[in-house]
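Below: one structure, written as structure tokens.
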């Protein structure tokens, strides 16, 4: 295939050329005289599965021939020479072994890192070890680094780095995957040096960015029939620029730097790179423009020299569109609209972006046209139905089961996934949810389920299955990983099988289920190397392993609409290329922080710099933008801040603006205008057909006979401040739904404190018996507050409040010799027929027959003015007492009424009975109720709330937000 040569055969495929097609064309032209047997012996090494598949597709297009062997570089592990190299250890096993070492180190020195970082640290160490083995860097090299100018962080890092030292060297008979790859390449290179193969061997599409791959490329280049074909080689880059890229610390982020590094390793120059085939670039002028825009920083002054030589830039930017959308959603919708048009036009289109959120939004937007793109990245396993189910189950282990956690499991689509039982299961789950919201404890028990099941027929079997399945896993355990996994999967399978299921239901079915099963099997195979761990560490470990899995179903996507990662830009072969998410921090991605070595230390050790990824991304960008029709899209603003355009977009636009004489400004405006047209069409498509007027401030006027016939004294305050809440609750009969997970909030504390004081007063204890009060408090808080930390805090607050309360209680009991607790009272207001009810916390009777009314407040005690105008609870209670509303109490004159503060301030507040005597209060109440009997009197929303930030549970019903408190209410008579 190749003529004899004393120098390495280095070829390049120009930017914008379909690499797979050009590779096959070059092979065909050079192998015209090859026999079928020679074609079959030819070996081609590529670096991605998609590239391998694409090359085979081009060969399949004809003519018929024996195909060369197209392999992945990673397939070298299967070369016959690899039989003399020890087999590679499973990557997960190595991570488990490192996990044990890191765990023991953290036990000995807990100040080094939090326990929660156990798996992350182990994984990071494993990745560093893989990189060191791939680049041929020994631990001794790392340990000998000059760190005299570094901080004490290095000493802490060394304690972790010493962990990986035993896994290097000749004594290690179980090499890792990267180490074995390098060993195979070294062995193969030595064998080829003695007996080189005579058939063609070609490495195509690789930039040699990894050390082992670069070593293999060097070995191939020395073969009699060996050749290297570089992808996206910039033939327009002049020699001075190549020469300027001699320092990796400054030039690593240039798209062609990897080729310059290969030149140094393999001793060839830019002029030694020959064109692989005669296939011409689609847009040579655009390639020159982009190449100039990407010049490394030290030579960007060449813009002024070479820019005027580019000619008319309108031609160079033909087929190039720049979309600057207002938001990520607008960007996704604009991209989806263009992809929809591509389907209509019958062309192939590829969205290339490292932003997975953007690609998911585009996928969702395409769903309106029933288009499912072929996404090469697939779906993260942890986000698939089996992945979510397994993570939810893992999160329930080792902790008390809450109502919220229980419903998360029950509502998962895989739970009880037997077809015949799914319907009843969902019905039971919804009914149980309502029960738990209204009655359930924070932590349900089997008794909770039995009580729920007893309220209706047909629930017993389902409740028994659930009771036997989900309980018994609350205790944290320190056991081997295999036992954790067995318990975890057994619980998950029982939940998915349902009451009558004999297998795991739908858990392990479909592509996602098979991938989840494979991941769990891999964990089980290597579990013995992880040792013992507690339940919390197991859940974190399982979630981290699951997050690395991907579910791919490449045959289900639309053949014309593709979503690729940046690496796959090298494949090309599409009519429309969309580079999405072109903002800094997204493309290129910000380098991940390295917990072990900074960039200077990495350079000294011979490891890869963080900028390497930026340089590779720049190379992918340079190849992708050279396509037939190209879109560059970005969002000008993210969810919380303005964005910064990608540095490459900035360079391109700045270069165009700086060349007005070459129509650079005109070309840029045309690119933006094309983008605006599509963005406007997408906005119109997503916008509403007509503008909906905001809702007015509601003030419904229901019929008089539909208005409430009973109100409590505490609801009078609501009637005055927010009548709409009374309308929603009393007329529409809509009660706020209780939270699924009860929380330790102020209302709960108030309820418990009320019970404590009720039992203390009713128990007949001495008014200064502190021991009895705190004994009752401890019992009540332990019964009703299941959160240990919050319970301890509340008991401590009660301890602080006890002394001032008891001191006042001595004075209160000295005024009376009789008292009633939690007394119910009711009375019908004449003329209007509305019943007023009350549950009095406490009423004391003095020796002369007068009543003293007390109400406990754990929150803010209302002031005198608030009581006069809004909070009329005590004033109304006084009026009810004087009118005999409380059975067995009779009519009593009221001497005083007081709010007793049981809070941090311990402030009491007397009701202003002198200014507002009971008769006056009652007359005002009658007037108030009479006004509410008017047909045109509306229940206005939020009419007099204390603060505009106050929350009403019915704000969503009144559509608060579409109107505000400055708007006039709009009464609406309902019939």
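Quick notes on this one:
- Counting only residues that are part of a helix (DSSP H, G or I) and surrounded by fewer than 17 Cβ atoms within 10 Å (Cβ to Cβ), region 83-99 holds 3 of them.
- Checking residue 438 against (1) surrounded by 15 or more Cβ atoms within 10 Å (Cβ to Cβ); (2) more than 26 Å from residue 535 (Cβ to Cβ); (3) in contact (Cβ under 8 Å) with a residue 60 or more places away in the chain, the condition it does not meet: (1)
- Residue that is farthest from residue 587 (Cα to Cα), among those in region 644-691 that are part of a loop (DSSP other than H, G, I, E, B) and in contact with a helix residue (DSSP H, G or I) (Cβ under 9 Å, 6 or more places away or on another chain): 663
- Hey, residue 76 surrounded by 14 or more Cβ atoms within 10 Å (Cβ to Cβ), within 30 Å of residue 532 (Cβ to Cβ), touching a helix residue (DSSP H, G or I) at 6+ places or on another chain (Cβ under 6 Å) and touching a residue at least 60 places away in the same chain (Cβ under 8 Å) or not: no
- Test: residue in region 845-852 that is over 52 Å from the mean Cα position of the chain (by Cα) and under 30 Å from residue 707 (Cα atoms): no
- Residue match in region 48-56 (condition: crowded, with 20+ Cβ neighbours inside 10 Å and either over 22 Å from residue 207 (Cα atoms) or touching a strand residue (DSSP E or B) at 6+ places or on another chain (Cβ under 7 Å) (or both)): yes
- Residues that are at pLDDT 90 or above, farther than 25 Å from residue 46 by Cβ and in a helix (DSSP H, G or I) do not occur anywhere in region 244-255.
- Hits in region 934-974 (condition: under 37 Å from the mean Cα position of the chain (by Cα), outside any loop (DSSP other than H, G, I, E, B) and touching a residue at least 60 places away in the same chain (Cβ under 8 Å)): 957, 958, 963
- Taking region 589-625 as the range and being free of Cβ contacts under 8 Å to residues at least 24 places away in the same chain and closer than 30 Å to residue 319 by Cα as the test, only 590 passes.
- Within region 277-341, helices (runs of 4 or more DSSP H) holding 3 or more residues that are surrounded by fewer than 18 Cβ atoms within 10 Å (Cβ to Cβ) and either free of Cβ contacts under 8 Å to residues at least 12 places away in the same chain or more than 42 Å from the chain's Cα centre (by Cα) (or both): 302-306
- Check on residue 712, within 30 Å of residue 433 (Cα to Cα) and either more than 43 Å from the chain's Cα centre (by Cα) or at pLDDT 95 or above (or both): yes
- Residue within region 600-621 that is over 29 Å from residue 95 (Cβ atoms), assigned by TED's automatic domain parsing to the domain that holds residue 316, out of contact with any helix residue (DSSP H, G or I) (no Cβ under 8 Å at 6 or more places or on another chain) and modelled with pLDDT of 85 or more present: no
- Where residue 824 falls short, out of the listed (1) surrounded by fewer than 20 Cβ atoms within 10 Å (Cβ to Cβ); (2) more than 19 Å from residue 748 (Cβ to Cβ); (3) out of contact with any strand residue (DSSP E or B) (no Cβ under 7 Å at 6 or more places or on another chain): (3)
- Residues that are surrounded by 13 or more Cβ atoms within 10 Å (Cβ to Cβ), in contact with a strand residue (DSSP E or B) (Cβ under 6 Å, 6 or more places away or on another chain), in a helix (DSSP H, G or I) and on the phi < 0 side of the Ramachandran plot occur in region 705-714; there is at least one.
- Residues satisfying the stated conditions in region 584-612, i.e. surrounded by fewer than 20 Cβ atoms within 10 Å (Cβ to Cβ) and either in a strand (DSSP E or B) or touching a strand residue (DSSP E or B) at 6+ places or on another chain (Cβ under 9 Å) (or both): 584, 585, 589
- For residue 627, the test of being more than 27 Å from the chain's Cα centre (by Cα), more than 30 Å from residue 305 (Cα to Cα) and assigned by TED's automatic domain parsing to the domain that holds residue 326 is failed.
The values are calculated or read from the model by the stated rules, or taken from the named source; none is laboratory data. Note that the coordinates shown come from a computational prediction; the quantities given were computed from them, not determined experimentally. All Cβ positions, glycine included, derive from the backbone under ideal geometry; neighbour counts span all protein chains shown.
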